[in-house]
Structures are given as structure tokens and as C-alpha cells.
Amino acid sequence: MLNKQKIRTTAGRGRLFDSILDTVGDTPAVRINNLAPAHATIYVKAEFFNPAASVKDRLALNIIEEGERSGALKPGQTVVEATSGNTGIGLAMVCAQKGYPLVVTMADSFSVERRKLMRMLGAKVVLTPRAEKGFGMYKKAVELAEANGWFLARQFET
């Protein structure tokens, strides 16, 4: 006898978006089955459904849009930020969509794959010595912002 389960379709959410940025934060809460005791119901927020696959997409979009609202970020101004990866990837996506040049600073010991992804999204990646760790990349971002009049995203202060 054949299994008569319904065939699953992938019609999507049935919506069209004007921009990839309109999809940031539109992430589902998904029930986790078979991992909890029978009396417990567990849902997880699936942030990997964000367009750059990270909860940091929300942070990146909010940093840029708050900069626009406050007037601190001017049209076409370069954005600079120190990152170990996920916020930089989110900023690269947001800046690419909104037309802002992006420079990210990161220690040369951090992920080559993340560097490549940020570059693919249009960011310039400036590496700092691994011996200086996070402080070195932050110091370099501040230095570049002050020397060039760039918008410092300040993820660590948000």
C-alpha cells in the first residue's frame, strides 16, 4: 500500500518585496519537536531566515537607519565598523542595498570565509594584527572614521 501523505509544496509566503531589507526580521518561530519532555512545548526563533542568515542583520539595519534618521549618516557617506564577522556581513548587505560604501576592520586571525562574503557584498576589508585582537580592529575603525569623516557604526555601543 502506498503512503498517501500530502506532498509538501514550497509556495513561499506569497509576498513580493521591494527590497531585501524588507525581509530583515521577518523570521519564523518554529516548534521544536521530539527534543523536550512531553509536557513542554518549545519554539525557537529561526534568525538564520534573515537574508544574510544572522540575527545581526537586524542590528545592522537598525544602526544604518538610525544613522539616517538622526542625520549622523549622510547619503553616500562611507560606513566603517570593527567586526569579527556577522555584523560586518549584515552591514555589507544593508550598505550594498542602500548605496553606502563600507569599510570593515577585523583581526587577521578571523574567518577568511567571512572576509570573502563581505567583499562579495562590496565591502572593503582592512585587516589588523592578530596580536592586537579586538582592540586593534576597533582602534583602526575609529582612526579611519576620524581621519576621513566616515560614519562609525558603533555596534559595541548600541
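A short reminder: the numbers here are calculations on the coordinates, not readings from a lab. The model shown is predicted, which means the values in this text are computed figures rather than measured ones. With ideal geometry, Cβ positions are generated from the backbone for all residues, glycine too; neighbour counts draw on all protein chains shown.
At a glance:
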quantity: Most fluctuating residue given options 86, 148, 33, as computed from a GNM of the chain linking Cα atoms under 10 Å; calculated: 33
quantity: Degrees between helix 133-148 axis and first principal axis of the chain (Cα, 0 to 90, nearest 10); calculated: 60 degrees
quantity: Most mobile of 34, 50, 62 in a GNM of the chain (Cα contacts under 10 Å); calculated: 34
quantity: Nitroxide proxy distance, nm - points 7 Å out along Cα→Cβ at residue 35 and residue 53; calculated: 1.8 nm
quantity: Fewest-first sequence of 84, 70 by Cβ atoms within 10 Å of each Cβ; calculated: 70, 84
quantity: Choice from 82, 72, 107 with maximal GNM fluctuation in the chain (Cα, 10 Å cutoff); calculated: 72
quantity: Using alpha-carbon coordinates, inclination of helix 56-70 to the longest axis of the chain, degrees; calculated: 50 degrees
quantity: Residues 100, 43 arranged by fewest to most Cβ contacts within 10 Å; calculated: 43, 100
quantity: Virtual spin-label span in nm between residue 142 and residue 72, 7 Å along Cα→Cβ; calculated: 1.5 nm
quantity: Stretchable slack from residue 27 to residue 127, in nm (0.36 nm times residue separation minus alpha-carbon distance); calculated: 32.8 nm
quantity: Region 56-157 - percent relative contact order, Cα under 8 Å, separation 6 or more; calculated: 31 percent
